[in-house]
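Read through the structure below, which is laid out as structure tokens, and then see the notes.
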Amino acid sequence: MPDYGHDLLFGAVLTPDARNPRAVLELARLADRSGLDLVSGGKGVGGPRPR
């Protein structure tokens, strides 16, 4: 696949979790320590769906 003259970037998309927000932060830190270029998250915190 051509790179169109741009450097390739690698990242992680993290899914927010209202039940365990510290886990999401730790995943972001791990992505940073691993040298990923980007870390992105969803637009809202997801919790259990109401019944």
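Summary table
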{"item": "Chain lengthening between residue 30 and residue 8 when straightened (0.36 nm per residue, less Cα-Cα)", "result": "5.9 nm"}
{"item": "Neighbourhood net charge (13 Å Cβ-Cβ; Lys/Arg +1, Asp/Glu -1) for residue 38", "result": "-3"}
{"item": "Sequence-distant residues sharing a close amide H with residue 17 (under 5 Å, placed H)", "result": "46"}
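Read-outs throughout are calculated quantities, based only on the coordinates presented, and are distinct from any laboratory measurement. Note that the structure is predicted; figures quoted are calculated from it, not measured. Neighbour counts run over all protein chains shown; Cβ positions are idealised from the backbone, glycine included.
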